[in-house]
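> I have a structure here, written as structure tokens, and I will follow up with some questions on it.
The values are calculated or read from the model by the stated rules, or taken from the named source; none is laboratory data. Note that the structure is predicted; figures quoted are calculated from it, not measured. So basically every Cβ, Gly included, is an ideal-geometry build from the backbone, and we count neighbours across all protein chains shown. Surface accessibility is based on the protein's heavy atoms, side chains included, excluding ligands, DNA and RNA. Shrake-Rupley method; radii C 1.70, N 1.55, O 1.52, S 1.80 Å.
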Amino acid sequence: MTLDAVIVGAGPNGLSAAITLARAGLRVQVLETHGQVGGGLQSRALTLPGFVHDYGSAIHPLAVASPAFRQWPLHAFGLRWVHPDAPVAHPLPGGAALLERDLHATAAGLGPDGPAWVRLFAPLVREHEALLEDILRPLPRVPRHPLLLARFGLRGLPSAAWISQTHFRTPQARALWAGLAAHTTLPLTTPGTAAMTLVLGLLAHAVGWPFPAGGAQALADALHAYLRHLGGEVHTGVTVRGPGNLPPARVTLVDSSPRVLLALLGDRAPARYRAALEGFRYGPGIQKFDYALSGPVPWQDPRVARAATVHVGGPAPEIAAAEAVAAQRIPARPYVLTAQHTLFDPSRAPAGQHTFWAYTHIPNGSAGDAQGAVEAQLERFAPGFGERVLACTRTTAAQLQGFSPVFQGGDVNGGRGDLWGLLARPVPSATPYRTPVKGVYLCSSATPPGGGIHGMAGYHAALAALKDEFRLQATP
Ligand SMILES: Cc1cc2nc3c(=O)[nH]c(=O)nc-3n(C[C@H](O)[C@H](O)[C@H](O)COP(=O)(O)OP(=O)(O)OC[C@H]3O[C@@H](n4cnc5c(N)ncnc54)[C@H](O)[C@@H]3O)c2cc1C
């Protein structure tokens, strides 16, 4: 029987696209290079026996809030969220700042900046579901909640640095804010960086920053199991290099990079579209470190152990300085994003031992070694860290790109996240998933809403395919 849809790539967006199409009753097949599904949502044995590491994503606020994932019965397919006590800890020389799940508990730890934190986040937290529906889709579209989005836009359009200067004065609030802002991988003075910072903060208060029990793979496996339940199939160990590798199907959705899409379109792609995709811009890369530890990280401030996510980089001006140069060189005192899952999910390491996940921003494609600088930062806030290291695996930008073409040069967001990078992803359009070739769609994080585990690029691309080619709406 001929397929209705073939999906290239079983990352979170490919799986999400496949599920959306299968729920509409279509016959769907997914082709994936790797032997396991998940793409950047994958767990692996990267160090010693018994240690389960997340190869890509580690912490999943966008997944738990995703309007697509939320409507699917993933818990029936093995997904269980683990919520640490606090979403984020941020070690500082005089003691840590904590981003608590509760807005007012966070404010209580921020002294005179507490009321400003509440004023900034409370209206967004209150209406987070409606707001996320508009944010996690292409920006050029007419919003479903225009007034709400306009209010968000007023706060989100400036740079994260400007919001910090105009709203906060304590080192604690400024550091918490800068630690969130640095997720953008852009200098904190870049216009629009406040938007992602606000989203990450509001998610902490509205839904938490959890992770799947057992590792990120558990979410990928739940998506896969649900897809199979709906009748979809996934073929692993298959790399699609050109149209000749594709089985006949009415539509093709590509969960890969614009370059891979171009290879699939061949000379069917008009010159203008080809030029736009060839000029697709990437942000800085990352270098990642997976540790097997003999004990928990010996944080100087023991309260840091209340959070799974720890932003290591010190006071806000140091983080701003690091992120200002990370696109050009490895900073001497880098910002390091870390996760300590096993404090909350001991199943992921042998008894009493721990995993530790860390990455830092580097120039796109850089082969430089950031390990010394990263570990100096860890020692600064957790003296004796090095003595607990049993094994460490370093993953370079080139290895990440080899793992998935979406992460070109080690850019984990699948494309630069500045304003233009969000508006023209990969081309300016209200439906940027559509390509000029009938029946072919791009559905990776190189399309809106960009990087992160939420499946919304795949979901929206599938909605476009359903409407264009099958005259169908998504099944509620
Ligand atoms: C180190 C790291 C840390 C991260 N941390 C977080 C985090 O904590 N939280 C978060 O929300 N996000 C995080 N991210 C980002 C997140 O992982 C990505 O945004 C997300 O995985 C993108 O999903 P995708 O489906 O678009 O692409 P991918 O996840 O890259 O999936 C694409 C899939 O398609 C396959 N594929 C591509 N081309 C072909 C082809 N030609 N033939 C066959 N198969 C193909 C690839 O093998 C891959 O499996 C992180 C990413 C990395 C790398």
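> Report whether or not VAL336 is touching a Leu at 6+ places or on another chain (Cβ under 9 Å), away from the ligand (no atom under 15 Å from the Cβ) and on the phi < 0 side of the Ramachandran plot. Break it down stepwise before answering.
Details: touching a Leu at 6+ places or on another chain (Cβ under 9 Å): yes; away from the ligand (no atom under 15 Å from the Cβ): no; on the phi < 0 side of the Ramachandran plot: yes.
Here the answer is no, as VAL336 does not meet what is asked.
> Right, another one. Given the criteria open to solvent by 50 Å² or more (accessible area, probe 1.4 Å) and of a type in the set (Phe, Trp, Tyr), does TRP420 qualify? Talk me through it step by step, then tell me what you get.
Details: open to solvent by 50 Å² or more (accessible area, probe 1.4 Å): yes; of a type in the set (Phe, Trp, Tyr): yes.
So TRP420 passes the test.
> Can you tell me which residue is nearest to ARG70 (Cα to Cα) among those in segment 439-463 that are away from the ligand (no atom under 13 Å from the Cβ) and open to solvent by 10 Å² or more (accessible area, probe 1.4 Å)?
Filtering segment 439-463 for residues that are away from the ligand (no atom under 13 Å from the Cβ) and open to solvent by 10 Å² or more (accessible area, probe 1.4 Å), the one nearest to ARG70 (Cα to Cα) comes out as LEU463.
> Just checking, does segment 163-170 include any residue being in contact (Cβ under 8 Å) with a residue 60 or more places away in the chain, of a type in the set (A, V, I, L, M, F, W, C) and assigned by TED's automatic domain parsing to the domain that holds MET196?
Restricting attention to segment 163-170, the residues satisfying the condition of being in contact (Cβ under 8 Å) with a residue 60 or more places away in the chain are 164, 170.
From what is left, the residues that are of a type in the set (A, V, I, L, M, F, W, C) are none.
Within segment 163-170, not a single residue is in contact (Cβ under 8 Å) with a residue 60 or more places away in the chain, of a type in the set (A, V, I, L, M, F, W, C) and assigned by TED's automatic domain parsing to the domain that holds MET196.
> I would also like to ask the following. Would you confirm whether any residue within segment 409-418 is outside any loop (DSSP other than H, G, I, E, B), within 13 Å of the ligand (Cβ to nearest atom) and in contact (Cβ under 8 Å) with a residue 60 or more places away in the chain? Lay out the reasoning, then the answer.
Restricting attention to segment 409-418, the residues satisfying the condition of being outside any loop (DSSP other than H, G, I, E, B) are 409-410.
Narrowing further to those that are within 13 Å of the ligand (Cβ to nearest atom): 409-410.
Narrowing the set further to residues that are in contact (Cβ under 8 Å) with a residue 60 or more places away in the chain leaves 409-410.
Scanning segment 409-418 turns up at least one residue that is outside any loop (DSSP other than H, G, I, E, B), within 13 Å of the ligand (Cβ to nearest atom) and in contact (Cβ under 8 Å) with a residue 60 or more places away in the chain.
> Right, next: Test LEU62 against the criterion of being over 21 Å from LEU227 (Cα atoms), hydrophobic (A, V, I, L, M, F, W, C) and not assigned by TED's automatic domain parsing to the domain that holds ASP345, and give yes or no.
Numbers: over 21 Å from LEU227 (Cα atoms): no; hydrophobic (A, V, I, L, M, F, W, C): yes; not assigned by TED's automatic domain parsing to the domain that holds ASP345: yes.
In short, no.
> Quick one: which of LEU400, LEU422 is at pLDDT 95 or above, within 23 Å of MET456 (Cβ to Cβ) and assigned to a helix (DSSP H, G or I)?
Numbers: LEU422 fails: at pLDDT 95 or above.
Criteria check complete, one pass: LEU400.
> Please work out which one of (1) within 20 Å of GLY313 (Cβ to Cβ); (2) outside any loop (DSSP other than H, G, I, E, B) is the condition ALA332 fails and give its number.
(2)
> What tally of residues in segment 262-289 results from selecting those that are of a type outside the set (Val, Ile, Thr) and touching a residue at least 40 places away in the same chain (Cβ under 8 Å)? Let's see the steps before the verdict.
Filtering segment 262-289 down to residues of a type outside the set (Val, Ile, Thr) leaves 262-285, 287-289.
Now restrict to residues that are touching a residue at least 40 places away in the same chain (Cβ under 8 Å): 264-265, 268-270, 273, 276-277, 280-285, 287-289.
Residues meeting the conditions: 17.
> Confirm whether VAL336 is touching a Ser or Thr at 6+ places or on another chain (Cβ under 6 Å), within 15 Å of HIS183 (Cβ to Cβ) and free of Cβ contacts under 8 Å to residues at least 60 places away in the same chain.
Numbers: touching a Ser or Thr at 6+ places or on another chain (Cβ under 6 Å): yes; within 15 Å of HIS183 (Cβ to Cβ): yes; free of Cβ contacts under 8 Å to residues at least 60 places away in the same chain: yes.
In short, yes.
> Could you count how many residues in segment 175-194 are surrounded by 23 or more Cβ atoms within 10 Å (Cβ to Cβ) and either under 14 Å from LEU419 (Cβ atoms) or in contact with a strand residue (DSSP E or B) (Cβ under 6 Å, 6 or more places away or on another chain) (or both)?
Matching residues across segment 175-194 total 8.
> Next up: Can you tell me which residue is nearest to PHE69 (Cα to Cα) among those in segment 11-52 that are open to solvent by 50 Å² or more (accessible area, probe 1.4 Å) and within 12 Å of the ligand (Cβ to nearest atom)?
GLN36
> Do the conditions hold for ARG70, that is, is it within 25 Å of PHE152 (Cα to Cα), assigned by TED's automatic domain parsing to the domain that holds TRP177 and open to solvent by 20 Å² or more (accessible area, probe 1.4 Å)? Quick ask: steps written out before the conclusion?
Values: within 25 Å of PHE152 (Cα to Cα): yes; assigned by TED's automatic domain parsing to the domain that holds TRP177: no; open to solvent by 20 Å² or more (accessible area, probe 1.4 Å): yes.
No: the conditions fail for ARG70.
> Would you pick out the residues in segment 239-296 that are over 27 Å from the mean Cα position of the chain (by Cα), assigned by TED's automatic domain parsing to the domain that holds THR185 and polar (S, T, N, Q)?
Hit for segment 239-296 is SER294, nothing else.
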